[in-house]
Amino acid sequence: MAIFATLTFVGSAIFIFDVEAKLMLQFLGVSLLGVVTMIIAALAFTGLRIAIRRLFNK
């Protein structure tokens, strides 16, 4: 849903408000990088939680 909202924002900024396409595409790239970073962090913390649970349940 966050990616769809970002795409909608970028599209409206380019086509309705006449913002430079290059600038908005850079914004889109940074936004997607942020989403990917959050997904990787969530996976890392999930893996850490599983590892700690297995370590202390022995």
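The values are calculated or read from the model by the stated rules, or taken from the named source; none is laboratory data. Because the structure is a prediction, the values reported are computed rather than measured. With ideal geometry, Cβ positions are generated from the backbone for all residues, glycine too; neighbour counts draw on all protein chains shown. Calculation scope for accessible area: heavy atoms of the full protein, side chains included, ligands and nucleic acids excluded. Shrake-Rupley method; radii C 1.70, N 1.55, O 1.52, S 1.80 Å.
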**Fill in**
Placing each pseudo-label 7 Å from Cα in the direction of the beta carbon, Lys58 and Glu20 end up separated by a distance in nanometres of 5.8
**Prompt:** Between rounded, prolate and oblate, where does the chain land on the alpha carbon gyration tensor, with a ≥ b ≥ c its root eigenvalues, rounded for a/c under 1.5, else prolate if a/b exceeds b/c?
**Reply:** prolate
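Would you kindly state how much longer the chain becomes between Ile3 and Phe27 on full extension, computed as 0.36 nm times their sequence separation minus their alpha carbon distance, in nm to one decimal? Don't skip to the answer; put the middle values down first.
Values: separation 24, 0.36 × 24 = 8.64 nm, distance 1.21 nm.
Here the segment from Ile3 to Phe27 would lengthen by 7.4 nm.
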**Asked** Quick one: with all protein chains in place, what share of the accessible area of the chain is carbon or sulfur, to the nearest percent (1.4 Å probe)?
**Response** 76
**Asked** Heavy-atom accessible area per residue, the chain, 1.4 Å probe: how many Å²?
**Response** 87
**Message:** Going by amide H atoms built from the backbone, whose H comes under 5 Å of the H on Val19, apart from near neighbours?
**Reply:** Ile14
